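See structure below.
The values are calculated or read from the model by the stated rules, or taken from the named source; none is laboratory data. As the structure is a computational prediction, the values presented were derived from the model and not from experiment. Virtual Cβ from ideal backbone geometry, glycine too; neighbours counted across all protein chains shown. When the accessible area is computed, the model is the full protein with side chains, heavy atoms only, and any ligands, DNA or RNA have been set aside. Shrake-Rupley method; radii C 1.70, N 1.55, O 1.52, S 1.80 Å.
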Amino acid sequence: MRWWDIDPVLQLERDLFPEDAWSRGMFWSELAHSRGADATRRYVVAQTGERIVGYAGLASSGEQADVQTLAVARDQQGTGLGSRLLTELLRAATAFECAEVMLECRVDNTRAQKLYERFGFEPIGFRRGYYQPGNVDALVMRLTDPSSSVQGTEING
C-alpha cells in the first residue's frame with residue numbers, strides 16, 4: 001500500500017466498516033512506519049485492474065505482530081482473496097522474526113473467524129466494547145509460529 005492507495009482504501013473501509021472505519025490519518029500514520037530499515041509495518045493492497053478490492057496491514061513489535069486490518073470487497077468475498085492477504089501478512093510477520101501474531105475480530109464476524117482458524121489462530125479472550133461506537137466485543141485470537149502457516153500466492157505491496 002502506498003499513499004496514493006489511501007483514498008480508494010478509505011472508500012472500501014467505509015463500505016465494509018461504516019461504524020468504526022479508520023480515518024485517513026490512521027492510514028497515513030501506519031504507512032509512515034512501513035518503509036525503510038526501521039519499518040515495523042506491512043500494508044498491502046489487492047487490485048482487479050485499477051480497482052482496489054482488498055487490503056491488509058500488520059504491525060510488529062519485538063517478537064509479536066498484530067493484524068491491524070484485513071478487508072475484502074463484498075463482491076470478492078469467498079474468492080480466496082482474504083487467505084492471500086493473510087498469507088502476505090504472515091510472511092511479513094516471519095520476516096520481522098515474530099514468534100506470534102495477535103488480532104482482534106468482531107464477535108459477530110464469523111466469516112473472518114473461520115478464515116483465521118484455518119490458518120491456526122486460536123481464540124484466547126475477549127475485549128468488551130472494543131469496536132466503537134457500536135460497543136461490539138472483540139474476540140482476541142493468537143497464532144504461534146506464523147512461519148508454519150504461510151501458504152498461497154503473493155500480493156503486491
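Quick notes
- Answer from 59, 71, 92 - the residue that is part of a helix (DSSP H, G or I) and either in contact with a Lys or Arg (Cβ under 7 Å, 6 or more places away or on another chain) or under 17 Å from residue 30 (Cα atoms) (or both): 92
- When the stretch 54-74 is filtered for residues that are open to solvent by less than 10 Å² (accessible area, probe 1.4 Å), of a type in the set (A, V, I, L, M) and either farther than 16 Å from residue 104 by Cα or at pLDDT below 95 (or both), only 73 remains.
- Cβ pairs under 9 Å, 6+ apart, first in the stretch 94-117 and more than 15 Å from residue 61 (Cβ to Cβ), second open to solvent by 50 Å² or more (accessible area, probe 1.4 Å) and basic (Lys, Arg): 104/127; 112/106; 113/106
- Only residues that are modelled with pLDDT under 90 and in a strand (DSSP E or B) were counted across the stretch 103-135, and they come to 1.
- Residue 88 being open to solvent by 30 Å² or more (accessible area, probe 1.4 Å), in contact (Cβ under 8 Å) with a residue 24 or more places away in the chain, of a type in the set (Asp, Glu) and over 20 Å from residue 132 (Cα atoms): no
- Considered as a group, the residues in the stretch 20-48 that are in contact with a strand residue (DSSP E or B) (Cβ under 7 Å, 6 or more places away or on another chain) and of a type in the set (Asp, Glu) include one that is nearest to residue 98 (Cα to Cα), and that residue is 30.
- Candidate set from the stretch 101-117 (those that are of a type outside the set (S, T, N, Q) and over 15 Å from the mean Cα position of the chain (by Cα)); member that is surrounded by the most Cβ atoms within 10 Å (Cβ to Cβ): 107
- Any chance residue 30 is under 22 Å from residue 93 (Cβ atoms), of a type in the set (D, E, K, R) and either open to solvent by less than 30 Å² (accessible area, probe 1.4 Å) or in a loop (DSSP other than H, G, I, E, B) (or both): yes
- Residue 126 free of Cβ contacts under 8 Å to residues at least 24 places away in the same chain, open to solvent by less than 20 Å² (accessible area, probe 1.4 Å) and farther than 20 Å from residue 46 by Cα: no
- Number of the exception - residue 51 against (1) touching a residue at least 24 places away in the same chain (Cβ under 8 Å); (2) touching a strand residue (DSSP E or B) at 6+ places or on another chain (Cβ under 9 Å); (3) loosely packed, with under 15 Cβ neighbours inside 10 Å; (4) closer than 18 Å to residue 12 by Cβ: (2)
- The stretch 34-56, subset among the polar types (S, T, N, Q) and assigned to a loop (DSSP other than H, G, I, E, B), residue nearest to residue 72 (Cα to Cα): 34
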